[in-house]
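For reference, the structure is listed below as structure tokens.
The values are calculated or read from the model by the stated rules, or taken from the named source; none is laboratory data. Predicted model only: the values in this text are computed from it and were never measured. Here the Cβ is made from the backbone with ideal geometry for all residues, glycine too, and neighbour counts use every protein chain on show. Only protein heavy atoms, including side chains, enter the accessible area calculation; ligands, DNA and RNA are left aside. Shrake-Rupley method; radii C 1.70, N 1.55, O 1.52, S 1.80 Å.
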Amino acid sequence: MGRPDEIRCRGRRYPVTDEVRVGGRTYFVVEVLGRGTARKVFDPRAGVGGDFRVLHTLPRSPATGQRLETLRRAAEKNLNLPKIRESHSERNRISVLTDWVWGTPLDRYLADVRAKKQPRPSSPEIVRLLRGLFHGVGHFHHDAHSVHGDIKAANVVLEPRPTKFTLIDFGSAWPVERTTRRDPGDGVSAPYAAPEQFMGNGPVDFRADYFSLGVLGYELLTLDIPFDGVGGRAGLPNLRDAFAGKYQPPSARMPDGDRIPRAAVAALDRFFARCLALDPDERFDNRAACLAAADGLAREFRPGSRLGS
């Protein structure tokens, strides 16, 4: 049987652009993702009638194999990460198949909200969803002993059932012990990247992920990027003095800030001030403190309404 021109999945048709064989099986390519090292493929054997997977192609090395095993173990019990289904070593590369996360990429969702194609999300529901994502990232730090390194709206998917954020694209993730010798460009996605990620090969650790989560949460709450839209670049040595006084707490820009209890607003502003500190030493210095603060913030905002469909 030859390659089909299109496949049908969950009631929709998708054109097939290529086919690949991995581990003795054939997968049909429907889209090239990100930097080109990943592809959205259709797996005829997945579920009833087939389903999509993401096929990652990585250079084969002991370090890659060790990282994959660490990520696989971390994803097994983390609801905010896609599951690794299988991996195959083939000469100089490793092919990895992960679940395709069904939902809306957060950058697209935010664009629809700005264009008034979606209702503005409520602050209580955003806080609830962010709490889950902070826990997912915190557990990833602990279980994989790695930094994600590229948390941004395009790498977060809003899943509808149950409503939650799932973090994707671990191409920039690095083990914590490698933070002083990263590859050039790892995780530098303006405006979400932390200031220290723009400074060459200086030390970068889990606190950079907290900064990126802070930018993401600020954008969800206000539809703005902190520091007058500059984000992490505001912490560069030549810009820090100019932008240090331009940070506004999220409560000053939230459309529903006047309908939220004062205690919740104060907790929100304290939390984001720590996450978005331009100096990493002023951010949360350990996972337990960050997650405890996220839990406390969520308690202040209960009960909440649901995010727009």
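Observations
- Where a residue in region 289-305 is of a type in the set (Asp, Glu) and its partner, wherever it lies, is open to solvent by 50 Å² or more (accessible area, probe 1.4 Å) and at pLDDT below 95, with Cβ under 7 Å and at least six apart: GLU300/ALA263
- Unmet criterion (only one of (1) more than 23 Å from ARG114 (Cβ to Cβ); (2) modelled with pLDDT under 95; (3) open to solvent by 10 Å² or more (accessible area, probe 1.4 Å)) for TYR247: (1)
- When residues of region 123-172 are limited to those that are more than 9 Å from the chain's Cα centre (by Cα) and among the charged types (D, E, K, R), the one most open to solvent (accessible area, probe 1.4 Å): ARG161
- The residues on offer are ALA298, ALA293, ALA288, ALA267, and the sole one that is under 24 Å from HIS135 (Cα atoms), of a type outside the set (Ser, Thr, Tyr), open to solvent by 60 Å² or more (accessible area, probe 1.4 Å) and part of a helix (DSSP H, G or I) is ALA288.
- Test result for VAL127, of a type in the set (Val, Ile, Thr) and part of a helix (DSSP H, G or I): yes
- Among (1) closer than 25 Å to PHE134 by Cα; (2) modelled with pLDDT of 90 or more, the one test that PRO44 misses: (1)
- Candidate set from region 107-122 (those that are under 11 Å from LEU223 (Cβ atoms) and open to solvent by less than 40 Å² (accessible area, probe 1.4 Å)); member that is nearest to the chain's Cα centre (by Cα): LEU110
- Residue satisfying condition, being charged (D, E, K, R) and modelled with pLDDT of 95 or more, within set ASP224, ASP258, ASP205: ASP224
- Residue match in region 51-62 (condition: without any contact (Cβ under 8 Å) to a residue 24 or more places away in the chain, more than 21 Å from VAL156 (Cβ to Cβ) and out of contact with any Lys or Arg (no Cβ under 6 Å at 6 or more places or on another chain)): yes
- Residue count for region 65-90 satisfying the condition of being small (Gly, Ala, Ser) and at pLDDT below 85: 3.
- Scanning region 69-86 for residues that are farther than 15 Å from HIS142 by Cα and surrounded by fewer than 20 Cβ atoms within 10 Å (Cβ to Cβ) yields a count of 3.
- Failed condition for PRO203, given (1) part of a loop (DSSP other than H, G, I, E, B); (2) open to solvent by 40 Å² or more (accessible area, probe 1.4 Å); (3) farther than 22 Å from VAL137 by Cα: (3)
- Filter result for the condition that a residue is out of contact with any strand residue (DSSP E or B) (no Cβ under 6 Å at 6 or more places or on another chain) and closer than 30 Å to GLY200 by Cα, over ARG302, ARG262, ARG233, ARG253: ARG233
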